[in-house]
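One structure is given here, and the rest of the page talks about it.
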Amino acid sequence: MRRKRNNWLTLPQLAGGADLALLATRLVVGAFLIYGVWDNIVSAERMAEFEKFLTIKGFAMPWLMARLSVYAQFLVGVAFIAGFATRWAGLVCAFNFIVALVMVDAPLGIRPAFPAAALVVIGLIFATIGAGRIAIDAMLSRR
């Protein structure tokens, strides 16, 4: 009887869906990251706007930082979707959004800072636990 009660509280039967949950998270976050920077990649005008924004926020070398941030987010998005080099992508994601938090979002308060904070945490999760079994990383590690 006690064991059934603990199962009800801890729901161990859901653990079997962990790889699907990781896949869903990778797909959603990866698509979000790509969507968020795609306009900067295809439009020099939008990239210039982002560079101007970074200048206003006091970033060193805003021309370079704009491109590093945009292409880092794009490549992280692709890596998350594919489940390739996911731990490295997680580290890059966390670092990029820590910078965004410190330099841009934190002074605005918790609600505006939440998306960047969530992306730091998601990056750290992927950096520590990896992509799961439904990923290129898993296929490579089996070889």
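Read-outs: derived from the displayed coordinates by stated rules, not from any lab. Bear in mind that the values here come from a model prediction, so they are computed numbers and not experimental data. Here the Cβ positions follow ideal geometry from the backbone for every residue, glycine too, while neighbour counts run over all protein chains shown.
Quick notes
- The chain: equivalent-ellipsoid semi-axes (sqrt of 5 x gyration tensor eigenvalues, Cα, Å): 34, 19, 11
- Projected-area mean, the stretch 29-77, by convex hull of Cα positions, square nanometres: 3.1 nm²
- Mean projected area of the Cα convex hull of the stretch 1-52, taken over all directions, amounts to 5.4 nm².
- At full extension, ALA44 and GLN13 could sit 6.2 nm farther apart than now, given 0.36 nm per residue minus the alpha carbon distance.
- PHE95 paired with ILE125, simple spin-label distance in nm, labels 7 Å along Cα-to-beta-carbon: 2.2 nm
- Using C-alpha pairs under 8 Å with a sequence gap of at least 6, the mean separation divided by the residue count of the stretch 17-142 gives a relative contact order of 30 percent.
- Think of each Lys and Arg Cβ as +1 and each Asp and Glu Cβ as -1; about the Cα centre, that makes the dipole of the chain roughly 920 debye.
- In this simple spin-label model, placing a label point 7 Å from the Cα along the Cα-to-Cβ direction at both ILE134 and PHE53 gives a separation of 3.2 nm.
- Exposure proxy ranking, count of Cβ atoms within 10 Å, fewest first, for VAL120, VAL76: VAL120, VAL76
- Kyte-Doolittle mean at least -0.5 and Cα axial length at least 20 Å: DSSP H helices in the chain: 18-42, 62-82, 86-100, 110-129
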